[in-house]
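Colleague: Sending over a structure as structure tokens; questions will come in a sec.
Only the coordinates and a few stated rules stand behind these numbers; no lab work does. This is a predicted model, so every value here is computed, not measured. Cβ placement follows ideal geometry from the backbone for every residue including glycine, while neighbour counts extend to all protein chains displayed.
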Amino acid sequence: MSRKALGIVAALLLVVGGITTVFGPGGSSASGFAGGCIRIGLVLAALWLALPQIQTTVKRLPGWLASWFLSKAKPGEGPARKDSPAVREKRPRRRSGL
């Protein structure tokens, strides 16, 4: 996401949250909506401030470390470890031929 778009979205959420707080209805759903907008807007504003540092840190990471954090393999997939016991397959029971 570009830094400009992130800043615009953060500013919009902060404005919508502020307007809803001041001029919105007095119900609990309106205050919950306003609080959510303000919280998310503040987090996105913090990310907007830190985005250049985050991008330089990601560029400096070695490729193997980045792939370790971003791998999509599920815990059951992949090569078996040597220290884990072999998994036996369950065989179906035989029926008697009576």
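Colleague: Give me the extension gain from S31 to L12: residue separation times 0.36 nm, minus the current Cα-Cα distance, reported in nm with one decimal. Mind showing how you got there, number by number?
Modeller: Working: separation 19, 0.36 × 19 = 6.84 nm, distance 1.69 nm.
Gain in length upon complete extension: 5.1 nm.
Colleague: What does the extension gain come out to for L51 and W68, with contour length at 0.36 nm per residue minus their alpha carbon separation?
Modeller: Value of the extension gain: 3.9 nm.
Colleague: Just to be sure I understand the model, the point goes 7 Å from the Cα along the line to the Cβ. What's the resulting L61 to I19 distance in nm?
Modeller: Here the modelled spin labels are 3.7 nm apart.
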